[in-house]
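Novice: Questions regarding the structure given below will be posed in turn.
The values are calculated or read from the model by the stated rules, or taken from the named source; none is laboratory data. Computed from a prediction, not measured in an experiment: that's the story for all the values here. Here the Cβ positions follow ideal geometry from the backbone for every residue, glycine too, while neighbour counts run over all protein chains shown. Accessible surface areas use protein heavy atoms only, side chains included; no ligands, DNA or RNA. Shrake-Rupley method; radii C 1.70, N 1.55, O 1.52, S 1.80 Å.
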Amino acid sequence: MSDAKIPVIVLGGTGYVSGELLRLIAGHPRLELKAILSDSQPGEPVAKFFAHLAPIYPELKFSSLDEVKQLVGTLPKSAIISAAPHGVAAKLIDDVLAAAEAKGTKPRVIDISADYRYSTASAYEAVYKHAHGAPNRIAQFSCAVPEHLDKITTPHVAHPGCFATAVLLSSVPLLSLGLVEPRLFAAGITGSTGSGRTPSAGTHHPQRHSDLYAYNPLSHRHTPEIAALAQVASQVPAEFNFVPHSGPFARGIHVTVQAKALKPIKTPELLEALKGFYAGKPFVRVVGEMPHVKDVAASNYAFLSAAANGESVAVMCAIDNLVKGAAGGAMQWLNRVFDLDETTGLTTPAAGWT
């Protein structure tokens with residue numbers, strides 16, 4: 001591509017992931033933000049909801065759906081990143097793409113919701129218990145962690161969920177390399193931002209502060225997504241037993257995946273296998289020491305480590321749920337879709353003392 005800036009439209013206005021997208025777009029040398037959609041807040045200043053972004057976007061206002069549909073028809077090529085919630089995103093994306101098609105323009109979509117992560121409408125409906133909003137669009141989307149799909153063959157991409165990203169980064173090498181039995185056990189702890197911006201009993205600070213608890217054990221809605229994407233990436237059908245936990249911090253995910261080894265293996269050999277699997281993948285760091293959430297918070301990096309005692313293996317992964325697990329992963333896909341270096345605008349390290 002030329003050095004011309006790529007116009008970007010963000011769908012799904014006022015949530016945490018949208019705020020992260022705006023922050024990352026502002027620091028990306030090849031992107032130009034054209035609009036951010038909030039059909040419930042059209043005309044309202046973005047800084048009203050994201051005060052920390054006011055120095056960067058002092059005049060930016062939310063656009064309506066009609067304004068976005070008109071805009072996309074004027075841009076021959078553009079990037080659309082959707083941070084709309086599941087159950088809403090599919091129809092919203094379909095409406096915007098239909099408006100573009102009517103004008104002969106060709107946007108490329110990266111969706112962060114769950115709506116295009118499944119290969120069939122029935123698979124999606126089995127998990128989310130409602131009809132898919134645009135089943136005719138499903139075949140136009142690929143879904144994978146960026147590190148697990150070398151070539152994109154569809155016009156649009158769906159990014160896996162934050163828990164799914166961490167579990168897949170940990171488990172796909174084990175399955176792909178034939179190191180473990182295809183029955184895996186995963187425990188994950190997520191920060192409160194993973195529950196969205198609207199407070200609830202489980203995310204309200206006095207309840208969550210200094211507390212730790214499991215929820216939806218062995219029935220979390222990311223589990224079928226993890227199993228399906230792991231099979232596509234590794235070519236190995238596997239059973240996943242996943243127990244998520246709510247942690248007393250705002251951002252970050254820590255996951256531990258355990259499995260029984262198919263043949264005797266010790267920690268040094270396992271670490272070397274992981275390093276080889278992720279060689280050339282700039283956002284995955286395999287380290288000898290145990291990963292900490294503070295190593296990755298607010299960055300697009302994933303830190304992995306591992307242990308093995310001969311019979312059992314454990315892989316630990318820390319990511320930022322809002323960046324690598326959502327907005328940053330989507331930006332990584334955007335770079336790939338538009339033939340930019342995958343790391344463009346994403347190499348800022350974690351703050352370390354969040």
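Novice: log10 I(q)/I(0), Debye, Cα-only the stretch 66-212, no solvent, q = 0.18 Å⁻¹?
Specialist: So the normalised log intensities work out to -1.15.
Novice: Related question: How fast does the stretch 123-279 diffuse by Stokes-Einstein, in µm²/s, taking the Kirkwood radius from C-alpha pairs at 37 °C and 0.692 mPa s?
Specialist: Value of D from the Cα-based Kirkwood radius: 191 µm²/s.
Novice: Rounded if a/c is under 1.5, else prolate if a/b beats b/c, else oblate: with a ≥ b ≥ c from the C-alpha gyration tensor eigenvalues square-rooted, which is the chain?
Specialist: Working: a/c = 1.66, a/b = 1.51, b/c = 1.10.
Note, shape of the chain comes out prolate.
Novice: Compare the peptides 185-194, 234-243 by average per-residue count of other Cβ atoms within 10 angstrom and give them in order, highest first.
Specialist: Packing proxy ranking, top to bottom: 185-194, 234-243.
Novice: In degrees, nearest 10, range 0 to 90: what is the angle between the Cα axis of helix 222-234 and the longest Cα principal axis of the chain?
Specialist: The helix 222-234 is inclined about 80 degrees to the chain.
Novice: For the pair Leu262 and Ala26, how long in nm is the line joining their label points, each one 7 Å along Cα→Cβ?
Specialist: 4.8 nm
Novice: Let me ask something else about it. List the lysines whose alpha-carbon lies under 26 Å from that of Lys61, not counting same-chain residues fewer than 8 positions away?
Specialist: Partners found: Lys5, Lys34, Lys48, Lys69, Lys77, Lys91, Lys103, Lys106.
Novice: Which value, in Å², gives the accessible area per residue of the stretch 128-249 when a 1.4 Å probe is used on the protein heavy atoms?
Specialist: The answer is 44 Å² per residue.
Novice: Additional query: To the nearest 10 degrees, how steep is helix 89-103 against the longest Cα principal axis of the chain, on a 0 to 90 scale?
Specialist: 50 degrees
Novice: Here's a follow-up. Across the chain, where is the longest run that never hits trypsin sites (Lys or Arg not before Pro) in a DSSP loop with at most 11 other C-beta atoms within 10 Å?
Specialist: 152-354
Novice: Moving on. What number do you get for the stretch 154-240 when its Cα radius of gyration is normalised by 2.2 N^0.38 Å, N = residues?
Specialist: 1.28
Novice: Give me the orientation-averaged projected area of the Cα convex hull of the stretch 269-354, in nm², one decimal.
Specialist: Computed as one quarter of the Cα hull surface, the answer is 6.0 nm².
Novice: Where a Cα-Cα gap under 27 Å defines reach, which lysines qualify for Lys260, not counting those fewer than 8 residues away within the same chain?
Specialist: Lys275, Lys281
Novice: With a 1.4 Å probe and every protein chain left in place, tell me how much accessible area Phe141 has, in Å² to the nearest 10.
Specialist: Surface accessible to solvent at Phe141 totals approximately 20 Å².
Novice: Specify whether the C-alpha gyration tensor of the stretch 23-135 places it in the rounded, prolate or oblate class, a ≥ b ≥ c being the square roots of the eigenvalues: rounded for a/c under 1.5, otherwise prolate if a/b is larger than b/c and oblate if not.
Specialist: On the way: a/c = 1.94, a/b = 1.49, b/c = 1.31.
Prolate, because a/c is 1.5 or more and a/b exceeds b/c.
Novice: Let me ask something else about it. What figure in square angstrom, to the nearest 10, would you give for the accessible area of Thr347 with a 1.4 Å probe?
Specialist: 80 Å²
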